[in-house]
Amino acid sequence: DGHLIAVDKPPDLPTHATADPNRPDLVTIVAGTVGVNVADLGVLQRLDAGTSGVVMFARTSEANEGLARQFEACTVEQVYLAVVDARRRPELAPGDAWVEQAALAADGRGRRARIVAVSTGGQLAETAFRVRARDGERLLVEVRPRTARKHQIRAHLAAARLRIVGDERYGWSGPKTRMMLHAWRLSLAHPVTGEPLEIEAPLPPGFALAGVEA
C-alpha cells in the first residue's frame, strides 16, 4: 500500500548491499522496482543472505516510526520454518516443543565468524521451537524468535545439536544445498492504520519434508 511493501526474498540474495558492487541486493532491487531512492526505504529486518521469506519495508517516515516501535517492543510476531539434521536428536518427534535461552556472542572474526552460546557475557537471546514433522533424520521445525540477535536461530539450533540443512557455517556437512531457513509469517499491526496484518511467504519448492505441508 502507500505505506508498506512486503517482499518474498529469494535465498542467496543479501538484504543490504555488500562490499561487492556487482552483487545484487534486495534493498536496491526494491527501491528500483518502486522508483524511489534507497535512503527513502525503511528497513527494520535483515534476513541473512541464505534465508528466504518475508521482508517488510516502510515507504513513509510515519510507517517507519510505527514499525520501529513495534520491533523495539517485540510485538511483531515472526515465524520461521527450518529443515534440520536431527541425527543427534533421535528422541524428537512431531509436537515436541522447547525454548532456547542462551546468551550469544561472536566467535572469530571476518566473514567466517560464528555466533555461539556463551556462559558469561554476550547478549541474552530467546527462541521458541516446535517440531512440525519428522522424516527419518530430518525435522521440519517451526521457529519463533522472541529477541532479535544476529544469527540467533542458526546459533540456537546449533547449540541444540540441530544443524540447519545447508548451513555450512553452523556445522552442516552434507551435500551442498541452499540453507533451509524460511521467514514464513510476519504478524503485526499496520503502523499507520492499526489494522491487523499477517503476511505469509509460501514455502519455496523442495523445502517441505517428503511432501509435508506447513
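Applying the selection to segment 98-130, what residues are among the small types (G, A, S) and open to solvent by less than 60 Å² (accessible area, probe 1.4 Å)?
Step one: of segment 98-130, the residues among the small types (G, A, S) are 102-103, 105-106, 108, 110, 113, 117, 119, 121-122, 125, 128.
A102, A103, A105, G108, A113, A117, G121, G122, A125, A128, listed by residue number.
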Single residue of R149, R132, R154 found to be at pLDDT 95 or above and either in a strand (DSSP E or B) or not polar (S, T, N, Q) (or both) | R154
Output for segment 119-157, where each listed residue is over 16 Å from L92 (Cβ atoms) and of a type in the set (D, E) | E126
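Only residues that are touching a Lys or Arg at 6+ places or on another chain (Cβ under 9 Å) and surrounded by 12 or more Cβ atoms within 10 Å (Cβ to Cβ): list them for segment 2-11, please.
Going residue by residue through segment 2-11, those that are touching a Lys or Arg at 6+ places or on another chain (Cβ under 9 Å) are 2-5, 11.
Selection gives H3, L4, I5, P11.
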Which ones in segment 4-60 are in a strand (DSSP E or B), free of Cβ contacts under 8 Å to residues at least 60 places away in the same chain and more than 29 Å from G206 (Cα to Cα)?
-> G42
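Give the residues of segment 138-151 that are open to solvent by 10 Å² or more (accessible area, probe 1.4 Å) and under 18 Å from Q101 (Cβ atoms), sorted by residue number.
E142, R144, P145, R146, T147, A148, R149, K150, H151
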Mind checking which residues of segment 163-194 are touching a helix residue (DSSP H, G or I) at 6+ places or on another chain (Cβ under 9 Å), touching a residue at least 12 places away in the same chain (Cβ under 8 Å) and not hydroxyl-bearing (S, T, Y)?
-> R163, I164, D167, R169, G171, M179, L181, L188, A189, H190, P191, V192
Got a number for residues in segment 40-94 being among the acidic types (D, E) and open to solvent by less than 20 Å² (accessible area, probe 1.4 Å)?
-> 0
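Yes or no, residue by residue, for (1) more than 19 Å from the chain's Cα centre (by Cα); (2) of a type outside the set (A, V, I, L, M, F, W, C):
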site	(1), (2)
T60	yes, yes
G66	yes, yes
T75	no, yes
A82	no, no
A86	yes, no
A106	no, no
Taking segment 20-32 on its own, how many of its residues are over 23 Å from the mean Cα position of the chain (by Cα) and polar (S, T, N, Q)?
-> 1
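Taking G194, is it open to solvent by less than 80 Å² (accessible area, probe 1.4 Å) and at pLDDT below 95?
Numbers: open to solvent by less than 80 Å² (accessible area, probe 1.4 Å): yes; at pLDDT below 95: no.
Taking the combined requirement at face value, the residue does not satisfy it.
The values are calculated or read from the model by the stated rules, or taken from the named source; none is laboratory data. Given the structure is predicted, the values throughout are model-derived calculations rather than measurements. Virtual Cβ from ideal backbone geometry, glycine too; neighbours counted across all protein chains shown. Ligands, DNA and RNA are excluded from the accessible area calculation, which covers all protein heavy atoms including side chains. Shrake-Rupley method; radii C 1.70, N 1.55, O 1.52, S 1.80 Å.
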